[in-house]
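The values are calculated or read from the model by the stated rules, or taken from the named source; none is laboratory data. Keep in mind it's a predicted model, so treat the numbers as computed, not measured. Backbone-built Cβ (ideal geometry, glycine too); neighbour counts: all protein chains shown. Accessible surface is based on the protein model in full, side chains and every heavy atom, while ligands, DNA and RNA are left aside. Shrake-Rupley method; radii C 1.70, N 1.55, O 1.52, S 1.80 Å.
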Amino acid sequence: MEKYDYLIVGSGLFGSVFAYKAMQAGKSCLVIDKRKHIGGNLFCEEIEGINVHTYGPHIFHTSDREVWNFVNHFVHFNRYINTPLAKYKGELYNLPFNMNTFHQLWGVKTPEEAKKKLAEQRGIYADITPRNLEEQALKLVGKDIYEFLIKGYTQKQWGYDPKDLPSFIIRRLPVRFTFDNNYFNDTFQGIPVGGYNSLIHRMLKGITVLLNTDFFSERKELTKKAGTIVYTGMLDAYFDYCYGSLEYRSLRFETEVLDTDNFQGNAVVNYTDADVPFTRIIEHKHFEFGNQPKTVITREYPQAWDANKEAYYPVNNEENDAIAEKYRNLALQEKNVIFGGRLADYKYYDMDKVIRLALDSAEQHLGQK
Ligand code: FAD
Ligand code: UDP
């Protein structure tokens with residue numbers, strides 16, 4: 001017996017935004033999640049009075065005014081601007097690549113000096129059409145920055161030689177000739193006051209949510225409960241891996257409470273040496289300007305993915321994208337199922353993009369903004 005208009009598989013950002021819009025349109029929803037909490041990868045747990053980003057640091061940034069207004073309807077955002085540092089052989093460098101970084105690396109003081117130095121550094125790579133991440137990085141910033149700040153980090157993050165990775169991954173990083181350490185170019189940025197949990201709680205207010213419920217362990221019964229499914233889990237899993245498994249990158253987080261009020265003076269410090277096994281240390285209190293007596297830090301270790309681990313990043317190389325495309329064609333033929341979000345689209349989306357896609361999908365299927 002159909003009891004709900006929508007069964008929403010996954011209480012992450014895509015599922016929660018869709019559920020909220022469906023409820024607003026007078027539709028009934030059942031949201032399920034296999035985890036023991038709502039919010040997907042945005043979830044935070046409180047330790048020593050600090051919101052700890054359980055699944056890795058999340059900084060909200062967007063230039064999409066409608067998305068910004070949408071999230072601000074639920075929560076206020078603080079004035080946090082992401083200004084990560086990179087540590088290489090014991091020295092600190094500012095990110096993204098800007099006049100501060102160029103000064104720290106080469107002692108240059110003006111944009112003109114920096115441009116001259118970068119032209120030397122790029123050498124023959126300046127005019128190539130990059131075929132992979134290494135060539136893209138050398139074309140963008142030349143050999144020192146590639147060697148110091150990109151090569152080791154990227155190899156650790158993805159478990160592949162940068163020569164075997166797609167160039168688009170590195171095009172996410174800005175290069176600037178100003179002394180501006182803001183990691184993002186977007187118009188709006190911040191962390192929800194009170195943490196991300198309040199954002200998701202407010203979206204799902206009044207909606208029935210079943211936790212610890214895996215769609216695949218009760219697929220038949222759950223499918224009968226609603227006219228339409230909104231599916232935000234793994235694309236290949238939905239089709240029982242009929243074209244083979246898609247590849248993901250996973251992470252292991254090592255979280256520690258320290259008996260000091262300030263460990264590294266910044267929320268994010270990247271470790272770019274190849275022989276340091278983690279990629280970054282997060283000091284969570286700095287996302288919210290916390291002044292608690294203790295601090296909580298997390299070391300992030302990239303690791304190979306298998307079915308017992310969380311799938312954090314799709315590995316969008318040619319082979320995987322070709323398999324994903326075949327699954328997407330199957331998804332198009334699937335009646336009464338809406339696929340959305342990072343896992344179901346097998347795409348490397350930021351939060352604002354996921355909200356934009358969920359709002360558009362809701363508009364298309366519910367017939368209203
Ligand atoms: P998810 O958050 O993955 O939600 C999917 C949900 O579905 C999960 O709760 C899962 O448990 C559930 N689910 C899956 N399969 C099943 C099943 N079979 N049955 C029941 N439930 C199921 N974006 C930014 O904008 N800024 C950042 O700084 C940023 N940092 C990030 C850092 C890391 C380490 C990672 C991994 C991502 C980061 N992102 C960031 C991206 C952001 O996490 C995603 O854009 C967003 O969480 C995607 O939401 P989603 O709903 O698509 O997926
Ligand atoms: N990157 C790097 N050094 C750094 C930070 C990033 O080489 O200190 C590269 C790395 O390949 C990474 C990509 O830039 O995968 C994109 O970085 P971003 O911080 O956007 O990744 P996210 O963690 O948000 O997925």
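Could we say that Phe263 is loosely packed, with under 14 Cβ neighbours inside 10 Å and of a type in the set (Phe, Trp, Tyr) here? No: the conditions fail for Phe263. If you scan region 127-143, which residues turn out to be at negative phi and open to solvent by less than 40 Å² (accessible area, probe 1.4 Å)? Residues satisfying the conditions are Pro130, Asn132, Leu133, Glu134, Glu135, Gln136, Ala137, Leu138, Val141.
Any residue that is open to solvent by 30 Å² or more (accessible area, probe 1.4 Å), under 20 Å from Thr223 (Cα atoms) and not in a strand (DSSP E or B) - is there at least one of those in region 32-45? The answer is yes; a qualifying residue exists.
Quick check, is Gln155 open to solvent by less than 50 Å² (accessible area, probe 1.4 Å) and either touching a helix residue (DSSP H, G or I) at 6+ places or on another chain (Cβ under 8 Å) or within 16 Å of ligand 1 (Cβ to nearest atom) (or both)? No: the conditions fail for Gln155. Here Asp273 qualifies as acidic (Asp, Glu), more than 20 Å from Ile59 (Cβ to Cβ), in contact with a helix residue (DSSP H, G or I) (Cβ under 6 Å, 6 or more places away or on another chain) and assigned to a loop (DSSP other than H, G, I, E, B).
The conditions of being within 25 Å of the chain's Cα centre (by Cα) and either more than 16 Å from ligand 1 (Cβ to nearest atom) or of a type in the set (Asp, Glu) (or both) are not met by Phe102. Residue pairs whose Cβ atoms lie under 6 Å apart, sitting 6 or more positions apart in sequence or on different chains, and linking a residue in region 141-157 that is without any contact (Cβ under 8 Å) to a residue 40 or more places away in the chain and near ligand 2 (Cβ under 9 Å from one of its atoms) to a partner that is of a type outside the set (Ser, Thr, Tyr) and open to solvent by 10 Å² or more (accessible area, probe 1.4 Å), are Tyr146/Leu138.
Restricting region 158-189 to residues that are of a type in the set (S, T, N, Q) and surrounded by fewer than 18 Cβ atoms within 10 Å (Cβ to Cβ), the residue that is modelled with the lowest pLDDT is Asn185.
The criterion of at least 2 residues that are of a type in the set (Ser, Thr, Tyr) and closer than 30 Å to Tyr80 by Cβ is met by the following helices (runs of 4 or more DSSP H) wholly inside region 151-230: 151-158, 196-203.
Select, from Glu113, Glu66, Glu48, the only residue that is at positive phi and open to solvent by 20 Å² or more (accessible area, probe 1.4 Å).
Values: Glu113 fails: at positive phi; Glu66 fails: at positive phi.
The conditions single out Glu48.
Among the helices (runs of 4 or more DSSP H) confined to region 289-369, the ones with at least 1 residues that are open to solvent by less than 70 Å² (accessible area, probe 1.4 Å) and touching a His at 6+ places or on another chain (Cβ under 9 Å) are located at 351-366. Considered as a group, the residues in region 1-41 that are within 14 Å of ligand 1 (Cβ to nearest atom) and at positive phi include one that is farthest from the chain's Cα centre (by Cα), and that residue is Gly10. Restricting attention to region 217-240, the residues that are within 17 Å of Asp306 (Cβ to Cβ) and loosely packed, with under 13 Cβ neighbours inside 10 Å total 0.
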